[in-house]
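Some notes on the structure that comes next.
The values are calculated or read from the model by the stated rules, or taken from the named source; none is laboratory data. Computed from a predicted structure; not experimentally measured. No Cβ is skipped: glycine too gets one built from the backbone with ideal geometry, and neighbour counts run over all protein chains shown. These accessible areas exclude ligands, DNA and RNA; they are computed on the full protein's heavy atoms, side chains included. Shrake-Rupley method; radii C 1.70, N 1.55, O 1.52, S 1.80 Å.
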Amino acid sequence: MEIIQLSNRLVEYRKSNNMTIKEFSELSGISTALLSQLERGVGNPSLSVLNAISETMNTSLSSLFEEPVVLENLVRRSDGLSTIVYPCRDNLEFQLLTTRTATLNINLVRIVFHAHSETSYQPLGKNISDDVIHIEKGNLTVQTDDGKSILLKKGDTMRIPPDLRYKFKNISVHNVVMIFATNKLEVR
């Protein structure tokens, strides 16, 4: 058990609610001496003490020990994005926009698709769920392996089922920029 998170939560809660240790003690039924120890990061609270703290703070027991969210850690800055060009796919440039975490299981990738080029029928992502593409700039043709095709224009979004074999074609003289969302990314 990380007592420092509990310590930080207690101090933060009291200060944001303009409470003294004595006032928190009266609300929670926990002695001021124990509260003082816990706020200093010492002491060994029992489960009943932890329950009293979480009830007083109107929060879950587990949240007392969670790291606080730091907004800056949730941001992936544009100057920190690297562009990847694979030798076998030199007509595409990839930028991974998201970082996978335990709670985020989707990859968001910006893809620059060079003029006058196309991919093979192997999908960019191989997975068991739908992929989604969104066109940020330009026009892109999506062609299935049975010869059917559709033209996507700037602002269009398309859901691609996992069993659909397709390829992308850029027949224009301009690059196409798209956002590709997939839960698993295996660039081949």
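Quick notes on this one:
- Helices in the chain, meaning DSSP H runs of at least 4 residues, each add -39500 (n - 2.57). Divided by all residues, the mean residue ellipticity at 222 nm is -6000 deg cm²/dmol.
- Split the accessible area of the chain by element, probe 1.4 Å, and carbon with sulfur accounts for 52%.
- Gap separating the Cα centres of segment 158-176 and segment 56-114, nearest whole Å: 24
- Local net charge near Gln95, Cβ-Cβ under 11 Å (Lys/Arg +1, Asp/Glu -1): +1
- Cα-based reach from Lys153 at 12 Å (exclusive), listing aspartates and glutamates while leaving out same-chain residues under 8 positions away: Glu136
- Taking only the Cα atoms of segment 1-159, the ratio Rg/Rh comes out at 1.27, with Rh defined as the Kirkwood radius.
- Length gained when the stretch Val173-Leu96 is fully extended (0.36 nm per residue, less Cα-Cα span): 25.2 nm
- Comparing Val49, Val112, Val69 in a Gaussian network model of the chain where C-alpha atoms under 10 Å apart are linked, the largest mean-square fluctuation is found at Val49.
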